[in-house]
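Take a look at the structure set out below.
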Amino acid sequence: MNKYVKYGLIGVLCVGILYAIVYFLKQNSTPKQLYETETVERKDIVNKVIVTGKVIPEDEINIKPQITGIIDKIYLDEGAEVKAGELIAVIKVVPNEQSLYQAKGRVNNARVALSNAELEFNRNKDLFAKGVVAAQDFQNIELTYQQAKLELENAQNDYKIILKGSVGGSVSANTDIKATVSGTILEIPVKEGDQVIQSNNFNDGTTIATIADMTKMIFEGEVDEAEVGKLNVGMPLEISLGALEKDKFDAKLKFIAPKGVEEEGAVQFKIEGDLVVSDSTYVRAGYSANASIVLEEKKDVLAIKEALLQFDEETDKPFVEVEVAENEFEKKELELGVSDGIDVEILSGIDEEAKIKVWNKLEKKSDEDS
């Protein structure tokens, strides 16, 4: 075999072996783990709490009847504007038969008692004039007579009230249901023909209408116990309504409940804020709403994303890893300030030039690319 051919074959074989070695090394080499980095930024941070709730009138007045009866006529509808004294409905009196007979019996008894007292009075009046009856005895007889007349009058009045709903000839004083305040009728929970019960010491009575002044609205919501300690009466609120997405309303916190209520394992505290409603916007009672309350605000501060933070397992202190060379990082403990849940203020520990390791994001690059 020609020696040149021999050397050529040896050269080709060597090149093939070297190529195989390089290929094998490339296939089995472990790529470097290069972590992504982010820089520190200057920004505004606002720490605020969002409270869910609803918008309701400051005061709702329930109109209740003075007598028991049946709704005879309703003159207004829900949503109508009313003034104090305006007629809303009329009640027809349906007397209780047992009470009516008892009242009538009381009238008869009082009439008999008066007749006897009158006879006694007239008989002793002449005797007193003749000096036969002492003055003190005659005064007692006259007193009994006057009391008997008063008892009959009271019994007759009770009978008229049970029968007609009023003592006088006109029964409108009790049967006419009128607005006690000016405002908007929010609800009329009864209809014509419904029986209603008067309010007394043993019964709240039937509500015939609910009236409220819709120009005086409040926001009512609930705050978790973790946030309520940061609130103070007088704080400004920004209210957004689900039904009026484009409109924002200003309010001022006026009430924080002194006692919380446990709901589904969490303690909630009721808050209220006065709502400023413009004349051009109609806000309905019961609109769902969110109130934004600014707890703390910082302008143009050094900040990073909270996702970049890590916490020491022993001390629980926050820290980040800052790049000092390619793929080399140094641990830096931080002092933190205001947070909005996404970004957090950096008080000390790093400067604006720092490149911070994104500890949960990395990209793999081969030796050839590095």
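Looking at the structure I just gave you, is residue 344 surrounded by fewer than 17 Cβ atoms within 10 Å (Cβ to Cβ), at negative phi and not in a helix (DSSP H, G or I)?
Working: surrounded by fewer than 17 Cβ atoms within 10 Å (Cβ to Cβ): no; at negative phi: yes; not in a helix (DSSP H, G or I): yes.
Here the answer is no, as residue 344 does not meet what is asked.
Only a single item in (1) surrounded by 14 or more Cβ atoms within 10 Å (Cβ to Cβ); (2) modelled with pLDDT of 90 or more is not met by residue 103, and it is number (2).
Being under 11 Å from residue 192 (Cβ atoms) and assigned to a strand (DSSP E or B) is the filter; apply it to the range 72-100 and report the residue that is modelled with the lowest pLDDT.
The initial filter retains those residues of the range 72-100 that are under 11 Å from residue 192 (Cβ atoms), namely 72-75, 89-92.
From what is left, the residues that are assigned to a strand (DSSP E or B) are 72-74, 89-92.
Working: 72: 89, 73: 92, 74: 94, 89: 93, 90: 90, 91: 88, 92: 82.
Per the criteria, the residue is 92.
Only residues that are surrounded by fewer than 14 Cβ atoms within 10 Å (Cβ to Cβ) and over 12 Å from residue 177 (Cβ atoms) were counted across the range 71-98, and they come to 10. Within the range 245-283, the set of residues being farther than 20 Å from residue 58 by Cα and either free of Cβ contacts under 8 Å to residues at least 24 places away in the same chain or surrounded by fewer than 16 Cβ atoms within 10 Å (Cβ to Cβ) (or both) comprises 245, 246, 247, 259, 261, 262, 263, 264, 265, 266, 267. May I ask you to verify whether residue 43 is at pLDDT below 85 and over 30 Å from residue 208 (Cα atoms)? Criteria not met by residue 43.
All conditions in (1) open to solvent by 50 Å² or more (accessible area, probe 1.4 Å); (2) free of Cβ contacts under 8 Å to residues at least 60 places away in the same chain hold for residue 296, with the sole exception of (2). Restricting the first member to the range 315-341 and to residues that are polar (S, T, N, Q), and the second to residues that are open to solvent by less than 70 Å² (accessible area, probe 1.4 Å) and not in a strand (DSSP E or B), the beta-carbon pairs closer than 7 Å and six or more apart or on different chains are 339/306. For the range 274-294, state whether one or more residues are part of a strand (DSSP E or B) and over 16 Å from the mean Cα position of the chain (by Cα). Within the range 274-294 (the criterion being part of a strand (DSSP E or B) and over 16 Å from the mean Cα position of the chain (by Cα)), the answer is yes, since at least one residue qualifies.
The values are calculated or read from the model by the stated rules, or taken from the named source; none is laboratory data. All figures in this text were calculated on a predicted structure; none of them were measured in a lab. Glycine also receives a Cβ, built like all others from the backbone with ideal geometry; neighbour counts cover every protein chain displayed. Heavy atoms of the whole protein, side chains included, go into the accessibility calculation; ligands, DNA and RNA do not. Shrake-Rupley method; radii C 1.70, N 1.55, O 1.52, S 1.80 Å.
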